[in-house]
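Below is one structure, written out as structure tokens, with a few remarks after it.
The values are calculated or read from the model by the stated rules, or taken from the named source; none is laboratory data. Only a predicted model underlies this, so the values are computations on that prediction, with no experimental measurement involved. Glycine also receives a Cβ, built like all others from the backbone with ideal geometry; neighbour counts cover every protein chain displayed.
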Amino acid sequence: MNIPFIDLKTQYRKLQPSIQQRMNTVLEHGQYIMGPEVRELEERLQAYTGAQHCITVASGTEALLISLMALNIGDGDEVITTPFTFVATAEVIVRVGATPVFVDIESDTCNINPYLIEHAITEKTKAIVPVSLYGQPADMDEINEIAARHGNIPVIEDAAQSFGAVYKGRKSCNLSTIGCTSFFPSKPLGCYGDGGAIFTNDAAIARVSRELRVHGQSERYVHNRIGVGGRMDTLQCAVVLAKLEEFDWELERRSEIGNQYNRRLDEIGVTRIVQREDRTSVFGQYTICCKNRDEVQSIFKERGIPTAVHYPIPLNEQPAYKNLGSKQQTPQATQIAKKVMSLPMSPYLTAEQQGEVVSVIENSFLR
Ligand SMILES: *Cc1c(COP(=O)(O)O)cnc(C)c1O
């Protein structure tokens, strides 16, 4: 049985007419840069998340970078984040000249531990960047409250994996000062290339981010600040607009499939990422923990079923990051990085395919 890790082909087959129609419209009108679909998508995403402002950008990485730039974060500043994430989260902090301060994670959700954030705050702390890992929002209210208590430190949610997730009735991306997401093809809402978006309810941050996105330009050839070339292509916006048509249906499927994995793996007795009751994960990844990961992965490989590791090395142990700033011990991240393994997951995973994945786990754990 062929089981893709993320089934983008079946999605394309289902959405082909509207994707092609949307893309054809762009090819015909010819406004490949900042065409009408860019604003149309931003308005749709504002309505979807409830955020007052949405600024589409070239990627999720660019969204995080522009957000830090909009907050004037730079040399000598510290930014608190998690070591258990994709490298882009910390990369942009170093890019603007600031120092990432890594705080350990909760062992059951793998999201940043809010109670450890407070101990890491200094007078140099200029932002906190929690990641809503595997599609489940971090404990944003707790983090916002700590940030407020320490002089209103801005909070940037890295929601690259969690677009569509809900936290206490509110949508991911609209849970803090700024929310950043990615439309990389394999994310819950993806395009066919690179793309991303910044969300905020702060009009000043929105205006500055819009300028930063186009070389710090307020009007043509007037450059108010040093910016970047960070626009999202009109064609990619058209793809996301088409994919939004089925997005709510896809979220339902994600939830059904994720909960089915939960039930079956709990029966088998496999440790897995835990979802908290006050939030809804979009299961951007479906991740389990196994002590004998190499062995389990090789059994999957023999059966032709793809698996992945998100992430094998915490960022504060990476060659390029381990000597930056003060050394924070993050024992949970160190331990969990050795055990996590992600299973095939997408709205198009069939019950048959899922049954096959579960049966491989059942057999490999019994060995
Ligand atoms: C994918 C991802 C990013 C980067 O997004 P790109 O669009 O690939 O630049 C940042 N943070 C996290 C947590 C991600 O998963």
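Figures for the structure shown
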read-out	value
Among the residues listed as 19, 80, the single one being β-branched (Val, Ile, Thr), more than 19 Å from residue 156 (Cβ to Cβ) and more than 12 Å from the ligand (Cβ to nearest atom)	19
Segment 293-318, residues that are more than 25 Å from residue 101 (Cα to Cα) and touching a residue at least 24 places away in the same chain (Cβ under 8 Å)	293, 295, 296, 297, 299, 300, 303, 304, 305, 306, 307, 308
Matching entry among 181, 177 (being over 24 Å from residue 35 (Cα atoms) and hydroxyl-bearing (Ser, Thr, Tyr))	177
Unique match (being modelled with pLDDT under 95 and over 26 Å from residue 249 (Cα atoms)) among 336, 268	268
Residue within segment 2-22 that is among the acidic types (Asp, Glu) and assigned to a loop (DSSP other than H, G, I, E, B) present	yes
Odd one out for residue 105 among (1) farther than 16 Å from residue 200 by Cβ; (2) aliphatic (A, V, I, L, M); (3) more than 16 Å from the ligand (Cβ to nearest atom)	(3)
Any hit, segment 335-344, residues being within 16 Å of the ligand (Cβ to nearest atom) and either part of a loop (DSSP other than H, G, I, E, B) or among the hydroxyl-bearing types (Ser, Thr, Tyr) (or both)	yes
Matching residues in segment 137-156 - criterion: being more than 18 Å from residue 115 (Cβ to Cβ) and either crowded, with 21+ Cβ neighbours inside 10 Å or within 15 Å of the ligand (Cβ to nearest atom) (or both)	154, 156
Whichever residue in segment 1-42 is among the charged types (D, E, K, R) and free of Cβ contacts under 8 Å to residues at least 12 places away in the same chain and, among such residues, is surrounded by the fewest Cβ atoms within 10 Å (Cβ to Cβ)	28
Single residue of 299, 336 found to be within 20 Å of the chain's Cα centre (by Cα), buried (at least 16 other Cβ atoms within 10 Å of the Cβ), more than 30 Å from residue 205 (Cα to Cα) and β-branched (Val, Ile, Thr)	336
Single residue of 160, 197 found to be in contact with a Ser or Thr (Cβ under 7 Å, 6 or more places away or on another chain), in contact (Cβ under 8 Å) with a residue 24 or more places away in the chain, crowded, with 21+ Cβ neighbours inside 10 Å and part of a loop (DSSP other than H, G, I, E, B)	160
Members of segment 22-81 that are among the acidic types (Asp, Glu) and in contact with a Pro (Cβ under 9 Å, 6 or more places away or on another chain)	78
Extreme residue, farthest from the chain's Cα centre (by Cα), among residues of segment 87-101 that are of a type in the set (Gly, Ala, Ser) and either under 19 Å from residue 310 (Cβ atoms) or near the ligand (Cβ under 9 Å from one of its atoms) (or both)	90
One residue from 176, 186 being within 10 Å of the ligand (Cβ to nearest atom), among the polar types (S, T, N, Q), out of contact with any Lys or Arg (no Cβ under 9 Å at 6 or more places or on another chain) and under 28 Å from residue 239 (Cα atoms)	186
Any hit, segment 203-215, residues being at pLDDT 95 or above, within 15 Å of the ligand (Cβ to nearest atom) and over 16 Å from the mean Cα position of the chain (by Cα)	yes
Residue within segment 94-111 that is within 18 Å of residue 146 (Cβ to Cβ) and among the hydroxyl-bearing types (Ser, Thr, Tyr) present	yes
